[in-house]
Every structure is written in structure tokens, then in C-alpha cells.
1. Condition first: part of a helix (DSSP H, G or I) and among the acidic types (Asp, Glu). Now tell me which residues in the range 24-79 satisfy that.
2. Could you list, in sequence order, all residues of the range 24-79 that are open to solvent by 70 Å² or more (accessible area, probe 1.4 Å), under 29 Å from residue 11 (Cβ atoms) and among the aromatic types (Phe, Trp, Tyr)?
3. Restricting the first residue to the range 25-47 and requiring it to be over 12 Å from residue 61 (Cβ atoms), which pairs with a second residue that is part of a helix (DSSP H, G or I) and among the basic types (Lys, Arg) meet a Cβ separation below 6 Å and a spacing of at least six or different chains?
Amino acid sequence: MADSITERFWKTMREYRSAVVLLLGLEAVLLMLLLAALWLQPSGSATRTVLVADFVLVGTGFFGAVYVLYRCRQYRPVD
């Protein structure tokens with residue numbers, strides 16, 4: 001029986017697990033740098049607004065990578 005689209009997607013994600021781990025590490029470094037930059041900016045500056053937006057975007061990517069790794073770890077092949 002042919003695999004469903006979902007099964008093929010997660011099979012592909014498992015094949016690229018090392019790339020997702022690399023992405024997760026990069027996202028973690030970027031989040032730390034953004035936190036340091038946020039801490040150094042005054043509270044009313046326009047730069048701080050852009051940093052907050054960047055923090056949200058990078059944080060979303062971070063949690064997306066965590067979710068992919070979690071799903072790959074939970075995978076149990078169907079017999």
C-alpha cells in the first residue's frame with residue numbers, strides 16, 4: 001500500500017534530522033543574541049520594536065524545529 005502524504009512528509013523529515021538539529025542550534029544562538037540586544041536597548045526605541053518582532057519570528061522557528069524533532073522521535077513505523 002502506498003504511503004500517505006503525511007507519512008512521506010515525516011519520513012523525509014527523519015532523513016533530514018541532522019539539518020533540523022543544526023537549525024535548532026542556529027536558532028538558539030540567534031535567540032541569545034536577540035536577548036542580549038533587547039537588554040541593551042532603551043524601552044521606547046524603534047530598534048527595540050524591531051528586535052521584539054525578530055525575537056517572535058526566531059522563536060517560532062525554534063519551537064517549530066523542536067516540534068519536528070519531537071515528532072521524529074515519537075515515530076513508530078506501522079507494520
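The values are calculated or read from the model by the stated rules, or taken from the named source; none is laboratory data. Computed from a predicted model, the values in this text were never measured in an experiment. Cβ: placed from backbone, ideal geometry, glycine included. Neighbour counts: every protein chain shown. Just the protein is used for accessible areas: all its heavy atoms, side chains included, with ligands, DNA and RNA removed. Shrake-Rupley method; radii C 1.70, N 1.55, O 1.52, S 1.80 Å.
1. 27, 54
2. 63, 67, 70, 75
3. Note: pairs meeting the criteria are 41/48.
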